[in-house]
Amino acid sequence: MSAAPQPLDILSPAFAADPYPAYAVMREKEPLIWHEATQSYILSRYDDVERVFKDKKSEFTTDNYNWQLEPVHGKTILQMSGREHAVRRALVAPAFRGSDLQEKFLPVIERNSRELIDAFRDSGSADIVSDYATRFPVNVIADMLGLDKADHARFHGWYTAVIAFLGNLSGDPEVTAAGERTRVEFAEYMIPIIQERREKPGDDLLSALCAAEVDGVRMSDEDIKAFCSLLLAAGGETTDKAIAGILANLLAHPEQLAAVREDRSLIPAAFAETLRYTPPVHMIMRQSAVDVEVSGGTIPAGATVTCLIGAANRDERRYREPDRFDIFRDDLSTTSAFSAAADHLAFALGRHFCVGALLAKAEVEIGVDQLLDAMPDLRLADGFDPVEQGVFTRGPQSLPVRFTPVTT
């Protein structure tokens, strides 16, 4: 096993421009790479990444989040294990599934989507990224928590700084400082609001988190603040990229866009295939607890392991014609795509499966449905070719579209 040659370097400009050819080479020739700059072992094959996420033998931990996440969020549920993790997850999970999601938050999602679309529905043009996708999930989360949506610019600035910190693979000190500053600013903003909700609870998620109790355990102000920080960053950045991604993929495949427009029950399949084909998060790190044999060699105990979701989701050993976007493929289950039994890896798997997966699904289904209603002949602006950007998270930076406004 040798150090990664330059074309495979995940920090190179060529990789940032288009990682997919590099992913193919990695999967075929170097499924395990020691990457000196990030001091981590890189995995690219589906079976290896799936094994790390499912972790049935307790071979991997999330101890890496102590240095990767805690400096910006404080201690989050992602770092916890065993009973501590189970209890904290039980405290927060009810809001993101079942009746709470259906009754409390679907109207919030529908209203926020409609408000954003109303701003451009009569204009005949919009940028799906800046006018809609970057705003929608953050507005929804702020609304769910009972925060002031007028603070949107601050929320967006904070989560952008956090995501930059997480993706700061080259160790830029300014990016590190901005991320750490965000932790302080967010705490100064949130802690007084949390204390106020404890005194005067409302009918919002923040009040529910303040009151939640499992096995005699309640969340501290710091627990709640860290979870809200994580929710804004994870829920904002990923759903933002997912909405831009699903529309970019459909616009690039007009026959599939026409099928979805005709039959909106295909939106979940289009979302599942987008999560496989162009996942919003391209890499997630874990730490090895013991020596682990994987394709291409052995990962020693105590090592940082970089799991390349973007590579694993296009593994030809797992999917037929993996570099083809196809919402009708029969080797990707839509029914399990938003659960811990998913066969794509975009939400991770196992006990750290994304707690907000069903919230993201609801946002994407409602958002795409409303956008298609408002823009019946949706098309890319003339001469525009969407360009994905990002290494840690990745998605279209801009998606200008044209349409004929619907007359009512």
Point to revise | ³J(HN,Hα), Karplus 6.51/-1.76/1.60, whole Hz, each residue of segment 49-64, x for Gly, Pro | key: 5, 4, 4, 4, 5, 6, 6, 5, 9, 6, 8, 10, 10, 9, 4, 4
Exercise for review: Beta carbons within 10 angstrom, averaged per residue: use that to sort the peptides 184-190, 203-209, highest first.
Suggested key: 203-209, 184-190
Review point. Ignoring ligands, DNA and RNA, what percent of the accessible area of the chain is carbon or sulfur (1.4 Å)?
Key: 51
**Study point:** Contour minus Cα-Cα distance for Ala150 and Val406 (0.36 nm per residue)
**Key:** 89.3 nm
Check your understanding: Extension gain Glu293-Ala177, at 0.36 nm per residue separation less the Cα-Cα distance, in nm?
Key -> 38.1 nm
Revision key, fill the gap. Check: C-alpha center segment 231-301 vs C-alpha center segment 210-224, spacing in Å is 32
Exercise for review: Normalising by the residue count of the chain, find the relative contact order in percent from Cα pairs under 8 Å and 6+ residues apart.
Suggested key: 25
**Study point:** Built amide H within the under 5 Å cut-off of Ser40, gap 5+
**Key:** His35
Check your understanding: Given 0.36 nm per residue, what is the gain on full extension from Glu222 to Asp382 after removing their alpha carbon distance, in nm?
Key -> 52.7 nm
Practice item. Give the cross-link partners of Lys200 among the aspartates and glutamates, using a straight C-alpha distance below 18 Å as the criterion and excluding same-chain residues fewer than 8 apart. Key: Asp143, Asp148, Glu213, Asp221
Point to revise | Eligible lysines near Lys149 by straight Cα distance, threshold 19 Å, same-chain separation 8 or greater | key: Lys104, Lys225
Study note, to complete from the structure: Using alpha carbon centers only, segment 126-174 is separated from segment 8-40 by a whole-angstrom value of 28
**Study point:** Computed accessible area, Trp67, all protein chains, 1.4 angstrom probe, square angstrom
**Key:** 130
Revision key, fill the gap. In Å², rounded to a whole number, the accessible area per residue of segment 262-408 with probe 1.4 Å is 38
Check your understanding: Leaving out same-chain residues fewer than 8 places away, which lysines sit with a Cα under 26 Å from that of Lys54?
Key -> Lys29, Lys75, Lys241, Lys361
Practice item. Once you have a ≥ b ≥ c as the square roots of the Cα gyration tensor eigenvalues for segment 79-211, tell me rounded if a/c is under 1.5, and otherwise prolate or oblate according to whether a/b is larger than b/c. Key: oblate
Practice item. Please report the relative contact order for segment 311-408, taking Cα pairs under 8 Å with a sequence separation of at least 6, and give it as a percent rounded to a whole number. Key: 16
**Study point:** Average projection area in nm² (convex hull over Cα atoms of segment 169-254, one quarter of hull surface)
**Key:** 9.3
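The values are calculated or read from the model by the stated rules, or taken from the named source; none is laboratory data. Here the structure is a predicted model, which is why all the values come from computation and not from measurement. When we count neighbours, we look across all protein chains shown, and the Cβ atoms used for this are built from the backbone with ideal geometry, even at glycine. SASA here: full protein model, heavy atoms, side chains in, ligands and nucleic acids out. Shrake-Rupley method; radii C 1.70, N 1.55, O 1.52, S 1.80 Å.
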